[in-house]
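The values are calculated or read from the model by the stated rules, or taken from the named source; none is laboratory data. Being a predicted model, the structure only gives us computed values, none of them experimental. Cβ placement follows ideal geometry from the backbone for every residue including glycine, while neighbour counts extend to all protein chains displayed. What goes into the accessible areas is simple: the full protein's heavy atoms, side chains included, and nothing from ligands, DNA or RNA. Shrake-Rupley method; radii C 1.70, N 1.55, O 1.52, S 1.80 Å.
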Amino acid sequence: MDIPIPPELVRILGQAGRLTVLTGAGVSQESGLRTFRDAQTGLWKQYRPEDLATSQAFERDPQLIWDWYAVRRSRAGEVQPNPGHQALVVMERRSSNFTLITQNVDGLHQRAGSARVIELHGNITRVRCSRGCGLVAAWEEIPGQLPHCPECGANLRPDVVWFGESLPRPALEAAVEASRNCQVFFSIGTSGLVQPAASLAYAAGHRGAVVVEINAEGTPLSPKADFVLLGKSGEILPELVQQTWG
Ligand code: OAD
């Protein structure tokens with residue numbers, strides 16, 4: 001397939017030392033994972049994801065929320081990283097200074113081979129104590145339906161950020177720093193509706209970075225971006241990497 005990549009972008013990328021990339025659910029769509037705002041299927045059709053991903057929902061019905069995450073987690077484990085994830089691994093290896101920030105909790109960037117990933121919204125493959133005693137563990141280390149914290153006995157919850165919760169501070173600080181100090185900022189596969197992740201592209205642009213959006217459709221960021229490449233990240237990213245770094 002012929003994907004038009006602006007030659008000017010290839011030239012800029014070839015010369016830029018500091019690249020920062022923010023990804024969202026669209027990057028995992030071609031692996032077979034539904035994006036966050038896609039309709040839910042089956043049993044879960046009656047719920048909006050926004051109503052399940054909250055601490056209030058977990059307090060009300062921990063088993064329901066645990067089951068929803070168990071489905072999402074097993075689905076994430078069944079699928080494979082796609083050419084978009086793989087192109088970002090090449091980008092990391094070829095750039096002198098590269099930062100990958102993701103809103104995705106599926107762990108696919110890490111499985112593709114990205115060495116350093118800033119996880120803004122946590123990771124579905126980990127659990128932590130819902131009371132906040134500090135316990136964090138891999139999900140498989142703690143089997144069972146709605147398991148309890150081995151340290152303090154409270155319910156365990158997925159180690160993800162829910163609506164209304166703060167982002168992990170070290171991750172957010174590193175993301176802001178990398179966005180302010182890059183020469184090119186990519187926003188890929190994200191609707192740009194959730195703060196503070198959505199603000200990172202604007203922070204980069206204000207500091208003079210070239211802002212590039214790769215997305216299936218236009219978003220609120222599009223009018224502010226220097227380049228908007230509309231289409232699938234699993235097709236555009238490999239082509240962009242190939243044209244820039246061969
Ligand atoms: P969304 O589901 O809001 O947006 C996904 C974006 O990807 C949409 O704009 C799609 O058009 C685009 N898209 C779909 N398929 C694509 C493809 N193959 N290639 C490129 N783009 C594609 O997901 P996010 O922006 O990641 O947070 O959502 C951000 C956050 O909202 C999530 O991390 C989640 C949710 O609240 C928490 O759970 C805290």
Seminar exercise, completed: Cys residues of the chain with no disulfide-compatible partner (no other Cys Cβ under 4.7 Å) are C182
For this session: With springs only between Cα atoms under 10 Å apart, run a GNM on the chain and tell me which of A25, A171, A204 wobbles the most.
Result: A171
Seminar exercise, completed: Within the chain, the percent of DSSP beta bridges that are antiparallel, given to the nearest 5, stands at 30 percent
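Using DSSP to call loops (not H, G, I, E or B), can you name the chymotrypsin sites (Phe, Trp or Tyr not before Pro) in region 120-166 whose Cβ has at most 15 other Cβ atoms within 10 angstrom?
Working: sites: W139, W162, F163; in loops: W162, F163.
Those satisfying the criteria are F163.
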Exercise. Once the dipole of the chain is set up with Lys and Arg at +1 and Asp and Glu at -1 on Cβ about the Cα centre, which of S179, G234, F163 lies farthest towards its positive end?
Worked result: S179
Seminar exercise, completed: Result for the chain: accessible area per residue, probe 1.4 angstrom, in square angstrom, of 48 Å²
Problem set entry | Net charge of neighbours whose Cβ lies under 12 Å from the Cβ of N181, counting Lys and Arg as +1 and Asp and Glu as -1 | +2
Exercise. If each of R131 and A174 carries a label point 7 Å out from its Cα toward its Cβ, how far apart are those two points in nm?
Worked result: 3.0 nm
Seminar exercise, completed: Residues meeting the amide H criterion for R126 (H placed from the backbone, H to H distance under 5 Å, 5 or more places apart or on another chain) are W139, D159
Problem set entry | For region 235-246, Karplus couplings with θ = phi - 60° (6.51, -1.76, 1.60), whole Hz, Gly/Pro x | 9, 6, 4, x, 5, 4, 5, 4, 5, 7, 10, x
For this session: Report, by chain and number, residues whose modeled amide H sits under 5 Å from the one on V228, excluding near sequence neighbours (fewer than 5 apart, same chain).
Result: E213
Exercise. Quick one: net charge of A137's neighbours, Cβ under 11 Å, K/R +1, D/E -1?
Worked result: -2
For this session: Do me a favour and compute the ellipsoid semi-axes for region 151-190 from its Cα gyration tensor, root of five times each eigenvalue, largest one first, whole Å.
Result: 30, 13, 8
Exercise. Counting only protein heavy atoms, what percent of the accessible surface of region 134-213 is carbon or sulfur at a 1.4 Å probe?
Worked result: 52 percent
Exercise. Do any GluC sites (Glu not before Pro) in region 104-173 lie in a loop, going by DSSP, with at most 15 other beta-carbon atoms within 10 Å of their beta carbon, and if so which?
Worked result: E151, E165
Exercise. Looking at region 209-246, which GluC sites (Glu not before Pro) are DSSP coil and have at most 11 other C-beta atoms within 10 Å of their C-beta?
Worked result: E217
Problem set entry | Helix-only [θ]222 nm of the chain, DSSP H runs n ≥ 4, -39500 (n - 2.57) each, per residue, nearest 500 | -10500 deg cm²/dmol
For this session: With θ set to phi - 60°, apply the Karplus curve 6.51 cos²θ - 1.76 cosθ + 1.60 along region 159-170 and write out the HN-Hα couplings as whole Hz, x wherever there is a Gly or Pro.
Result: 8, 10, 8, 9, 4, x, 9, 6, 6, x, 4, x
Problem set entry | Heavy-atom accessible area order for V90, V241, largest first, 1.4 Å probe | V90, V241
Exercise. Along the charge dipole of region 15-173, Cβ charges K/R +1 and D/E -1, which of Y47, V89, V117 sits furthest on the positive end?
Worked result: V89
Seminar exercise, completed: Calc'd 3J(HN,Hα), region 9-15, phi into Karplus 6.51 cos²θ - 1.76 cosθ + 1.60 (θ = phi - 60°), Hz, glycine/Pro = x, comes to 5, 4, 5, 4, 5, x, 9
Exercise. What is the mean projected area of the alpha carbon convex hull for the chain, to one decimal in square nanometres?
Worked result: 13.3 nm²
Exercise. Once the Cα atoms of region 91-177 are picked out, what are the Rg and Dmax in Å?
Worked result: 14.7, 46
Problem set entry | Convex hull volume per residue for region 142-240, taking Cα atoms only, in Å³ | 153 Å³
